[in-house]
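Remarks on the structure that follows.
Quick note: the coordinates plus some simple rules give every number you see, no bench work behind them. Since the structure is predicted, the reported quantities are computational estimates derived from the model, not experimental observations. For neighbour counting, all protein chains shown are included, and Cβ atoms are generated from backbone atoms with ideal geometry for every residue, glycine included.
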Amino acid sequence: MIVKEEFLSRLRKIFDLNLYEVKVWTALLSRGTSTAGELSSISDVPRSRTYDILESLEKKGFIVMKLGKPIKFVALKPQEVIERVKKNLLVNAKEKSKRLEKLKGDEVLEELTGLFTDGIKYIEPTDLSGALKSRQNIYNHLDMLVREAQNTIVLVTTADGLTRKLEILLPSLEKAKKRGVKI
C-alpha cells in the first residue's frame, strides 16, 4: 500500500494512534472490508500484531468487526470516525475531570500535600531554575505564579502574546486583582 509517511504521521498526531494502527486503518479504508490477513499484507504490519491492532481500532471507534468465517473488518466513513473520536474524547475528559474534582476533599490530596510540604524543604517556585518546554507548560507556570502573587504582577510581552496569555490567564488575573494585587 502506498501512503506517504508524512500523511501517516499527520494521522498519528491528529487521531492519537500508533504507526501500526494508522497503517492498518488506512489499509482498511482503501479496501472498505477486509480480513486481518489481507490487512497484514497490505499494511506491512506483522500478522501477529494485526489482530491486536484491529481490536484496538474497534474499541476506539475507527472500525467495525463483522462476525463470520473468516472474521471481516469494515471501515467506517472518516466523518463518522471523527464524530466517534470527538465523543470518546469528551467522555474521557469528563470522567477524568470528575476524578480530579473528587480529589479536592480526598485523603489522597492531603497525603500529596503532606509530602510536598513536610517531606522535603519547600522550595519557592520562583527560586527554581530550569527549562519549560511548550507554550502550554509556560502558561501553566505563569498561571501558578499569578495565583501565588501577593503584591504586583508585571507582564512583558507582544500584543499577540498578550492576547494569547489573556485567554489563559484572565480568570487568575481577575482573582489576583480582587485580592489587591497590582497588575
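Some observations on this one:
- Shape category assigned to region 5-84 from the gyration tensor of Cα positions, a/c cut at 1.5: oblate
- With the convex hull of the Cα atoms taken as the outline of the chain, the averaged projected area works out to 16.5 nm².
- The alpha-carbon of K69 sits under 22 angstrom from the alpha-carbons of these lysines, leaving out residues fewer than 8 places away in its chain: K59.
- Ranking N140, V181, A159 by Cα position along the charge dipole of region 128-183, where only Lys, Arg, Asp and Glu carry charges on their C-beta atoms, puts V181 farthest toward the positive end.
- As a rough guide to protection, the peptides 162-173, 52-63 ranked by mean Cβ packing within 10 Å, highest first, stand as 52-63, 162-173.
- Difference of contour (0.36 nm per residue) and Cα-Cα distance, D44 to Q150: 32.2 nm
- Over 23 Å (Cα to Cα) - which of K94/K165; K23/K66; K13/K87 fall in this group: K94/K165
- Partners for K102 among aspartates and glutamates (Cα-Cα distance below 16 Å; same-chain residues under 8 apart left out): E110, E111
- Here the Debye sum runs over all C-alpha atoms of region 128-183 as equal scatterers in vacuum, and log10 of I(q)/I(0) at q = 0.19, 0.30 Å⁻¹ comes out as -0.68, -1.30.
- Part-to-part distance (alpha-carbon centres) for region 125-183 and region 23-43, which is given in Å: 49 Å
- With contributions of -39500 (n - 2.57) from each DSSP H run of at least four residues, the per-residue ellipticity at 222 nm computed over the chain stands at -20000 deg cm²/dmol.
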